[in-house]
Amino acid sequence: MTSGILRSRRPIRAAEVGLGISITVAIIAIASAIPHLPWQLLKPLTSFVARYPLLNALANAAMVANFVALQCLGFIWLERKFAGWMQARVGPMHVGWKGLLQTVADAVKLLLKEDIVPTDADKPLFALAPYLVFVPSLLTFMVLPFTSAWVGYDLPLGALFVLSISTTSILGVFAAGWGSNNKYSLLGGVRAIAQLLSYDVPLILVMLSVVMLSGTMSLTGIVTQQEKLWNIAAHPLLMIPAFLIFLICTLAEVNRAPFDLPEAESELVSGFHTEYSGMRFAFFFLAEFANNFFSAGLAVTLFFGGWLGAGLPAAVWFTLKTLCVIFLMMWIRWTLPRLRIDQMMSFCWKVLVPASMALICAAAIAGVSH
Amino acid sequence: MDKPLTQSEIDTWKVPVPGGSVLLAPADRLAQWARRNSMWSLTFGLSCCAIEMMAAAAARNDLDRFGIFFRATPRQADVMIVAGWISVKMAPFIKTLYDQMPEPKYVIAMGGCASAGGPYRDSITVVKGADQFIPVDVYVYGCPPRPENLINGIIKLQDLITSEHALTRRGQPLPPRTPIVIGGE
Ligand code: SF4
């Protein structure tokens with residue numbers, strides 16, 4: 001029977017990689033279409049809903065939540081497959097076709113697990129923390145423009161909204177670390193705060209330079225003004241370094257290697273969610289992947305022209321570009337080792353912040369000469 | 001590897017509706033399916049057998065195919081693979097880790113040492129098997145067991161999960177399980 005188990009020992013085929021990518025594109029495209037479709041089919045209902053602002057807002061929120069959950073199914077599966085390919089493994093294989101249902105099994109199992117609250121924990125804080133982390137990452141999706149039509153709420157101050165909302169998730173992380181009453185959780189929480197707050201500074205500065213060049217803070221506005229040429233091609237000298245800084249900062253924001261210090265297994269067990277089991281832990285997981293998708297989408301919006309592209313439908317273009325950025329992030333994650341905490345902090349304050357300051361000056365000069 | 005259904009079992013799922021009856025597959029099956037396909041294991045190795053456990057998770061054998069990956073914290077783990085000899089000093093920590101895992105939890109005793117003390121059976125500092133202080137579901141024989149053997153044990157554990165009642169009322173104790181022995185005739 002062992003020969004059957006070991007049959008999958010063969011080099012990775014390019015076809016398999018291609019297949020995996022196309023399945024994920026399909027999943028994410030379907031996921032992005034599903035919240036859209038009922039709107040076409042249920043015209044009478046939508047016109048009814050549109051009459052009441054509160055109902056409308058609720059429907060929008062349901063769409064976004066729907067999308068985030070569905071997108072995570074594809075994303076987590078892809079991440080595990082990708083990790084497998086990077087390490088000469090095959091990843092999930094036995095649950096569903098090529099392991100496609102793996103995440104479903106994980107989710108059902110997590111729902112049915114015992115829900116442990118430590119005796120000494122600060123119970124209200126402990127219970128609240130996962131939602132404090134999850135809700136901001138859900139809210140950011142409200143302003144992300146998938147297409148010019150499909151954007152939950154097109155805020156004129158979209159960029160500012162994104163930055164301020166995503167920063168509030170720090171509160172949830174610290175509530176988790178403090179509320180668990182566990183030294184590893186607390187250390188992980190403190191590290192997470194240090195990291196998120198410091199990397200927010202260059203992130204804000206970089207986004208500011210993009211905003212200065214576009215002359216608008218609305219995310220849809222930033223995309224439409226790239227109609228002729230994507231930002232990264234229009235000002236390559238400015239935007240390529242800006243994109244790199246943005247990428248590094250988002251990697252740090254979503255706690256991915258090489259910046260996964262808040263949950264460094266070898267030092268801190270599992271960081272701020274050490275004490276969380278079952279569904280509460282799943283919310284942290286979900287928030288992490290939602291954040292990840294969102295930051296990739298934001299990078300696409302700011303630098304790669306969002307949904308703009310020829311031939312394919314706009315939502316597919318957006319998904320494809322986002323997937324490329326996600327692949328870049330996964331590639332970095334599964335290649336690089338973890339940094340030390342002092343290296344991480346000094347890199348941020350001594351390299352990234354001055355560099356992004358210089359970028360702002362350059363953006364100002366470029367904006368004036370425009 | 002589902003066990004075949006008996007007619008009486010199918011009959012218990014029948015729900016009469018006007019004009020016939022429908023089968024409602026019980027949530028039990030779903031829970032079993034989820035549990036056996038997503039056994040997250042505790043990152044934790046004791047001695048030489050742990051190396052073989054790592055080999056089972058790495059390139060050639062790849063435990064991730066079965067949905068098994070290692071979580072660092074016991075709160076998020078479902079399976080504990082006791083890999084290696086257990087010294088008298090280590091035993092209380094293993095017991096604590098086991099108690100910290102949320103139900104339902106399973107234990108695989110990997111190798112001769114974790115099963116019964118192995119080559120160190122006569123030593124005063126080695127506990128004679130993990131089952132002295134925690135309930136063990138699968139004993140995998142070998143010194144060390146090859147990764148294939150461990151995977152065999154994991155598949156047998158999946159069968160065990162399929163054959164047990166997955167959902168119990170809150171507060172009701174889980175029914176006892178009979179352990180499985182792999183190899184070592
Ligand atoms: S069974 Fe053999 S290989 Fe495993 S821990 Fe004991 S002595 Fe080491």
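The values are calculated or read from the model by the stated rules, or taken from the named source; none is laboratory data. Keep in mind the model is a prediction, meaning the values are calculated, not measured. Quick reminder, even Gly has a Cβ in these numbers, built from the backbone with ideal geometry, and neighbours come from all protein chains shown. In case anyone asks, the SASA skips ligands and DNA or RNA and just uses the protein heavy atoms, side chains included. Shrake-Rupley method; radii C 1.70, N 1.55, O 1.52, S 1.80 Å.
With θ set to phi - 60°, apply the Karplus curve 6.51 cos²θ - 1.76 cosθ + 1.60 along the range A:111-116 and write out the HN-Hα couplings as whole Hz, x wherever there is a Gly or Pro.
Taking θ as phi minus 60°, the curve returns 4, 8, 6, 5, 9, 9 Hz for the range A:111-116.
Can you give the mean number of other chain Cβ atoms that lie within 10 Å of the Cβ atoms in peptide B:40-52?
Average neighbour count from other chains, rounded to a whole number: 1.
Which of the lysines could a cross-linker span from A:Lys228 if the Cα-Cα distance has to be under 26 Å and same-chain partners fewer than 8 positions apart are dropped?
Hits, sequence-local ones excluded: A:Lys321.
Ratio of Rg to Rh for the range A:113-370, alpha carbon only, Kirkwood?
Here Rg/Rh amounts to 0.99.
Using the Cα atoms as the points, what is the convex hull volume per residue of the range B:25-90 in Å³?
Working: hull volume 6.3 nm³, N = 66.
Cα convex hull per residue, to the nearest whole number: 96 Å³.
Which shape class applies to the range A:121-219: rounded if a/c is under 1.5, otherwise prolate when a/b exceeds b/c and oblate if not, where a ≥ b ≥ c are the square roots of the Cα gyration tensor eigenvalues?
oblate
What part of the accessible area of the range A:226-294, given as a whole %, is carbon or sulfur when the probe is 1.4 angstrom?
Values: 1500 of 2190 Å².
Looking at the range A:226-294 in its full context, I get 69 percent from C and S.
Go from 0 up to the bin containing the longest alpha carbon distance in the range A:174-222, width 5 Å each, and give me the % of pairs per bin.
5, 20, 15, 12, 10, 10, 10, 10, 6, 1
Tabulate in residue order the Karplus-calculated ³J(HN,Hα) for the range B:84-98, using 6.51 cos²θ - 1.76 cosθ + 1.60 with θ = phi - 60°, rounded to whole Hz; enter x for Gly and Pro.
Once θ is set to phi - 60°, the couplings for the range B:84-98 become x, 6, 10, 7, 4, 6, 7, 3, x, 5, 5, 4, 4, 4, 4 Hz.
Over what distance in Å are the Cα centres of the range A:70-145 and the range A:316-370 separated?
For the range A:70-145 versus the range A:316-370, the Cα centre distance is 26 Å.
Tabulate in residue order the Karplus-calculated ³J(HN,Hα) for the range B:35-44, using 6.51 cos²θ - 1.76 cosθ + 1.60 with θ = phi - 60°, rounded to whole Hz; enter x for Gly and Pro.
5, 7, 9, 9, 9, 7, 9, 7, 6, 5
Other chains' Cβ within 10 Å of A:85-94 residues: what's the mean?
Other-chain Cβ atoms within 10 Å of each residue's Cβ, averaged: 5.
Determine the alpha carbon to alpha carbon distance for each of A:Lys113/B:Lys128; A:Lys98/B:Lys156; A:Lys98/A:Lys123; A:Lys113/B:Lys156; A:Lys183/B:Lys128 and list only those over 29 Å.
On the way: A:Lys113/B:Lys128 31 Å; A:Lys98/B:Lys156 22 Å; A:Lys98/A:Lys123 41 Å; A:Lys113/B:Lys156 21 Å; A:Lys183/B:Lys128 33 Å.
Flagged as over cut-off: A:Lys113/B:Lys128; A:Lys98/A:Lys123; A:Lys183/B:Lys128.
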